[in-house]
1. Give me the extension gain from Lys83 to Ser610: residue separation times 0.36 nm, minus the current Cα-Cα distance, reported in nm with one decimal.
2. Just going by the charge dipole of region 107-263, with Lys and Arg at +1 and Asp and Glu at -1 on Cβ, which of Gly209, Val179, Leu148 is farthest out on the positive end?
3. With the contact rule set at Cα under 8 Å and sequence spacing of 6 or more, what percent relative contact order holds for region 8-105?
4. Given points 7 Å out from each Cα along the Cα-Cβ axis, report the Ser638 to Arg197 separation in nanometres with one decimal.
5. Please state the charge dipole magnitude for region 413-565, taken about the Cα centre, from unit charges on C-beta atoms (+1 on K and R, -1 on D and E), reported in debye and rounded to the nearest 20.
6. Work out from phi, with θ = phi - 60° and the Karplus expression 6.51 cos²θ - 1.76 cosθ + 1.60, the ³J(HN,Hα) of each residue of region 741-750, listed in order in whole Hz, and give x for Gly and Pro.
7. Taking the Cα centre of the chain as the origin and placing charges on Cβ (Lys, Arg +1; Asp, Glu -1), which of Val700, His333, Ser569 is farthest toward the positive end of the dipole?
8. Quick one: which of Lys472/Lys507; Lys46/Lys334; Lys327/Lys516; Lys258/Lys328; Lys267/Lys327 span more than 32 angstrom between C-alpha atoms?
Amino acid sequence: MQDGAWDVTASEDMLGVRMSYHCWPSSRLEATRCVAPFGALYTPLKRLNPACAPPTAMPYEPVRCSSCKAVLNPYCQVDHRSKLWSCPFCLTRNHFPAHYAENMSETNLPAELIPQYATCEYELPSVPDMGPPCFLFVVDTCIHVEELAELADSLTQALNLLPPEALVGLITFGTNVQVYELGFDGFSKAYVMRGNREYTPGRVGELLGCQSTQAVQQGQQQQGQPPITPGSQVLQRFLLPVSECSFVLETILEDLRKDPWPVPNDKRVARATGCALSVATSLLQLSMPRRGARIMLFTGGPCTSGPGAVVSRLKEEDMRSHADLAKKAEPLHKPACEYYAKLANPAAVTADPKAKKKKATVVEQTQTYHVVDVFACSLDQVGLLEMRELVEATGGLTVLGDSFGQSVFKESLRRIFTRHPEDSPEAGQLAMAFGASLEVMTSREFKISGAIGPVTSLHKHGPTVSDLEVGKGGTTAWSVGGLDPGTTIAIYFDITNPGNTPLPDGKRRYIQFLTKYQHSNGRTRIRATTMCGPWHNPPAVPDGQPSNAGMTHSPVRQSFDQEAAAVLSARLAVFQTESDEVGDVLRWVDRSLIRLCSKFADYTADQPESFRLPPEFALYPQFMFHLRRSQFLQLFNSSPDEAAYYRYVLIRENTTNSLVMIQPTLLSYSFNGPPQAALLDSESVRPDTILLLDTFFHVVVFHGETIGAWRELGYHEQEEHASFRALLEAPQSDAQLIMDARFPVPRYIVCDQHKSEARFLMAKLNPSATHNSEASSGEVINTDDVSLRVFMEHLMKLAVQT
């Protein structure tokens, strides 16, 4: 904070954290009046400023508090004489370990106590090296022959991007499921399993011939050899290092054929997606229960056969729609959701047949080492809505495309295997992690309400768990599963300090994020990020004063990060759509915005023309305006699969990317000067300009009517019109820069004014000129939606009401 101004984005570069408020009110009542959620957006694997963290992971165990288990950090008070440190979370005094106490002094501090090192990473020597990760490809063979050839080509290229020591396996599925034995030379050998049932790890081992008899085990023990288990046999025959099986696997991929089972004209193909995923999870659970792995599902249609089916094989029965789900008229939806959710945590599923008769209890969630990714390329729905919980619970990735030949799929697949940059200490390692869990510690004045993101509760209760649940609450720890450098988790807090006991001046609040994960090199690490912030005791407001009284110079108002708050509110709204009607969620968004503006704006009661928002809040209403119109809350023109896909991507991306999804960016190119940021408004559409729209999922280059006509006449090919050629090329090169740095790769669209694909731009613009109003300039948009100006007029009127 400098001269009353807060740098609200600095914490992202230094800690990987964005907060909605950086200064918090000291009472629960005042926190409720602040309306916007008190929360943090934490990116566990973000690459930080080199000055803010040790350059490499420290090869020893972290020093922990004996009471609350918080990790030693720069905010601990240290007594150098008695070699004690006080935990800022529970105030317990702890002794330093002997090797710390002998060598440390006020001028020679360990890395954890250096003031600027608020984030430290530890590589745990007590946990054995689990070895390189495994990649299990699960391929749908019911797709068209051309699609299958494109997919096989992409998978062959992906093999060349994997480290030589990484393990790889292949399962294909159609009517039945085939597990390929990559350790068998000579010709391709596969074990075929029926696609209409579910398989446990033991049953999979039995069917694959991976069993060790008692006689064999006794003979090996007598000879002093380690026993051959079903899991070790799987690792010798079905999951092999790339360096040993690449030729065999490439040969199998080249020879892949469409599923041979005949399909009647009135039926869909029998696609056993659920069974294939069951076999894949069981295979990994049998062979490497605590080792990082990715199950990469490539599918081109819905599951129609066996467990997890989302639609009947009869073509006369349509795929479920939003209307069907609202009426609960889709009998296959709920059983499919329950089936895929169960696959997310196979270790917790008991094999005891009597267990079904017992009373239902909370399933004990464990850390997830096996990530499930879904690559769905189809013009129809594939059941992503039902599989979303499986992907979310394991921290997986999703890519939704039209064809396996599109760059949306091909480039996205390639980018999953991105390595750490050359200037990084982990240079050359895959930029991914497995088996991650996140634990949050807080000081006593506030508690944890919950988390929203690709997480699952670990049901770890404690004194810092709030009764007010937000998202996945009731715990201080979550299983995250797979992590990449962009995975971001939203944590929501509840200020519990009562209003009649103000906190002493200078009192600080503390938060510590502990992320434990398995690095792609097989080692287990813990990253500890600790942050602190101030409290503010608000002055008492006399009765009868408006709600914004005393807020003009409040540090709470000045420390507001409207971008982080918009993303936290958007995640909350998206989470509520899972249980509430979209109309109710929209009303909640509207009411919250009115209350927020009523609290923090400057105005005279009952005078809308006096309404002024401070700079810290100026953009927040338009973020909410665009959120209301976005595909996250508006289901028109999107299928249930698409809605699930968009919402899942929103809850795992960082603040910057999430804001682009909520309010797309627009650049304008013209002969009048360099490219300029343009308002996301219909007035920005002009015949003599080119617009570049970035919605995160789509990148649109839009040519005005005049520009499009000149291009059709070939003026850009003439030497005297070199400037016109440069104007056409500029947005295309900028669009390429955007797409090069994004996952999943966005769809690239080039369109002209008044042509059909211009709808991708028009749907995102603020309709300041419609068929019901008089347009002064720009494009007329045929819509009944209100414009931002009308929205703000109503907001100002309602916010100043007494």
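The values are calculated or read from the model by the stated rules, or taken from the named source; none is laboratory data. Since this is a predicted model, take the numbers as computed values, not measurements. Here Cβ is always computed from backbone atoms with ideal geometry, including for glycine, and neighbour counts include all displayed protein chains. Remember, those area values only see protein heavy atoms, side chains included, never the ligands or the DNA or RNA. Shrake-Rupley method; radii C 1.70, N 1.55, O 1.52, S 1.80 Å.
1. Details: separation 527, 0.36 × 527 = 189.72 nm, distance 5.96 nm.
Net length gain for the segment: 183.8 nm.
2. Positive-end residue among those listed: Gly209.
3. Numbers: 93 pairs, mean separation 17.0, N = 98.
Averaging sequence separation for qualifying contacts and normalising by length gives 17 percent for region 8-105.
4. A separation of 4.0 nm, rounded to one decimal place.
5. Numbers: 15 positive and 13 negative charges, 102 e Å.
Value, rounded to 20: 480 debye.
6. With the stated coefficients, region 741-750 comes to 10, 10, 9, x, 5, x, 6, 9, 10, 10 Hz.
7. His333
8. Beyond 32 Å: Lys46/Lys334; Lys327/Lys516; Lys258/Lys328.
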